[in-house]
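To start, the structure under review is shown below, and the notes come after it.
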Amino acid sequence: MIALTVIDYIFFTIFAANVLYLLLFAVLSLLKVPTPKASCKPWRRMAVLIPAYREDGVIMECARSAIAQQYPRDLFDVVVISDKMTDETNRRLFRLPLRLIVVNFEKSTKAKALNKAMAEIGDQYDVAIILDADNVIKPSFLTEINAAFDAGYHAVQAHRTAKNMNTDIATLDALSEEINNSIFRKGHAAAGLSAALIGSGMAFTYRLLEDLLGGINAVGGFDRELELSLTYHRIHITYLQNTTVLDEKVQYSKNFSNQRRRWLSAQWHYFTTFALDFFPQLFKGNIDFCDKVFQNMLIPRLILIGMCLIVATTISFFNLAAAIKWWAILAATLLAMMLATPCKLYTARLAKALVKLPWLFLLFTANIFKLRNANRSFIHTPHGIK
């Protein structure tokens, strides 16, 4: 009995630490984050880099939105890195006012594509912007990015938000992204900490990115390695709440499961890679880096909610008093999720989609047993809204 009580409190402490972290930054996300004002002095020369691996269905819309910027046309280049796209798609891209770089890697990764592009276009740029092929940006995007660099930032993450919510899975994916935006970006920005990178809608001082990319060989979790490298070198990542990037959400449970398996594998990989640096950097006062390492220890929210519910229900049958603390952290988790969810998502569409959560919990849990080698092979998420 004593052994069970000790185990109960050990797991409760682990879960409670996760919940308190989420709740803290969910509350902080309710605060306003200042937006850099555009002075546009000077106009910076920018490279918009778009790695596109088998993205024939979405690349044209992305490329056209990148070209149609209200920014001096001679001061930015759109660069599409075409990897295993069709000849027809490449011909259509070639007709647009952009730079097309065709690659054919044996093992494709975003880091390889970006390194190849930057080596080919040279270093005459001030800012590098990274988009995914399914992204769409508004005409003022580059102007707003320029304003952030006016303010002295060297690494920024824009507000990536859903392009589509046409299925229940896409709606839940959109919800997950906005909760991440609130907790890991806006909440962190309000606390003066670096925002989490998300893989696209990112901008960096060109030479800084060029230097960092040389040491990144990520297959999955490119953004995790990049943010850990930036914060290790004490480079702050700011969040542009009002600079939006539309991003296609996965529409089907199979794609959702594969995507999350890749993310889980990358999370574990980068935790084990950087964990030994945690205490040395903590003693040096590098809180930003330590926070990013801690994020890679966090239990995925869906697992957190599901396990709290299962444990609380199970213990209630044997010892209701012992179960109260589990019901309490389940309530705190749900409160954090509610605070982190933008009001615009509280719709009948979301209520309908929430019915799918138990099924996604089972898929997520099954993925824990399928992580081996998932970070060593590229798992592509198909795009194209149907």
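Between Arg92 and Arg207, full extension at 0.36 nm per residue minus the direct alpha carbon distance yields a gain of 38.3 nm. By the rule of a C-alpha distance below 23 Å, with chain neighbours fewer than 8 residues away ignored, the lysines paired with Lys356 are Lys163, Lys249, Lys254, Lys344, Lys370, Lys386. Normalised by residue count, segment 46-270 yields a Cα convex hull volume of 123 Å³ per residue. By how many degrees, 0 to 90 and rounded to 10, does the Cα axis of helix 320-340 deviate from the longest principal axis of the chain? Rounded to the nearest ten degrees, it is 20. Just so you know, the averaged projected area of the alpha carbon convex hull for segment 247-350 sits at 10.2 nm². Can you tally the net charge around Asp74? Count Lys and Arg as +1, Asp and Glu as -1, for every other residue whose Cβ sits under 13 Å from the Cβ of Asp74. Counting the neighbours of Asp74, the net charge comes to +2.
Measuring nothing but how far apart in sequence close Cα pairs (under 8 Å, 6+ apart) lie, relative to its length, segment 46-270 scores a relative contact order of 25 percent.
Across the options Gly192, Ile237, Tyr252, the greatest Cα extent toward the positive end of the charge dipole of segment 46-270 (unit charges at beta carbon of Lys, Arg, Asp, Glu) belongs to Tyr252.
Only one residue of Ser316, Val136, Leu172 has its Cα farthest out toward the positive end of the dipole of the chain, where Lys and Arg carry +1 and Asp and Glu -1 on Cβ, and that residue is Ser316. For segment 118-189, applying the loop criterion from DSSP together with a ceiling of 16 other beta carbons within 10 Å to the chymotrypsin sites (Phe, Trp or Tyr not before Pro) yields no site. The sum of -39500 (n - 2.57) across all DSSP H runs of n ≥ 4, divided by the residue count of the chain, sets its helix-only mean residue ellipticity at 222 nm to -15500 deg cm²/dmol. Extension gain, Ala275 to Lys352, is 23.7 nm, computed as 0.36 nm per intervening residue step minus the present C-alpha separation. Relative contact order, whole percent, for the chain stands at 23, derived from Cα pairs under 8 Å and 6 or more residues apart. Within straight-line reach of Lys292, meaning a Cα separation under 19 Å, sit the following lysines at least 8 residues removed in sequence or on another chain: Lys186, Lys284.
Computing FRET efficiency as 1/(1 + (r/R0)^6) for Val102 and Trp43, where r is the C-beta to C-beta distance and R0 is 25 Å, gives about 0.25.
Fewest-first ordering of Arg185, Arg301 by other beta carbons within 10 Å of each residue's beta carbon gives Arg301, Arg185.
First measure r as the distance between the Cβ atoms of Met60 and Ile299, then evaluate 1/(1 + (r/R0)^6) with R0 = 41 Å and state the FRET efficiency to the nearest 0.05. E between Met60 and Ile299, to the nearest 0.05, is 0.55. The angle separating the long axis of helix 357-367 from the principal Cα axis of greatest extent in the chain is about 80 degrees. Would you pull out the residues with amide H under 5 Å of Ala162's amide H, same chain only if 5 or more places away, H placed 1.01 Å from N? Answer set, sorted by chain and number: Asp247. Footprinting exposure proxy ranking of Lys292, Lys356, Lys107, Lys112, fewest other C-beta atoms within 10 angstrom first, gives Lys107, Lys356, Lys112, Lys292. In summary, segment 141-235 shows an alpha-carbon radius of gyration equal to 1.16 times the 2.2 N^0.38 Å reference for compact globular proteins.
Start at zero, step by 10 Å, and the Cα-Cα distances of segment 1-143 spread as 10, 30, 21, 16, 13, 7, 3, 0 percent across the bins. Between 0 and 90 degrees, rounded to the nearest ten: what's the tilt of helix 253-274 against the longest Cα principal axis of the chain? Helix 253-274 sits roughly 90 degrees off the main axis of the chain.
Computing semi-axes √(5λ) of the Cα gyration tensor in Å directly from the structure and comparing it against [x] 37, 23, 20; [y] 42, 28, 20; [z] 46, 28, 17 singles out [x]. Taking every Cα-Cα distance in segment 1-79 and sorting them into 5 Å bins starting at zero, the pair-distance distribution P(r) comes out as 3, 10, 11, 9, 8, 8, 10, 12, 8, 6, 6, 5, 3, 1, 0 percent.
Sequence neighbours fewer than 8 away in the same chain don't count; with that in mind, list the lysines whose C-alpha is under 25 Å from Lys116. Lys116 reaches Lys84, Lys107. Build a GNM of the chain with springs between Cα atoms under 10 Å apart, and of Asn164, Asn319, Asn90 the one that fluctuates most is Asn319. Taking other C-beta atoms within 10 angstrom as a stand-in for reagent exposure, Cys343, Cys290 fall in the order Cys343, Cys290, fewest first.
No value in this document is a laboratory result; all are computed from the given coordinates. In this text the structure is predicted, and so the values were computed from the model without any measurement. When we count neighbours, we look across all protein chains shown, and the Cβ atoms used for this are built from the backbone with ideal geometry, even at glycine.
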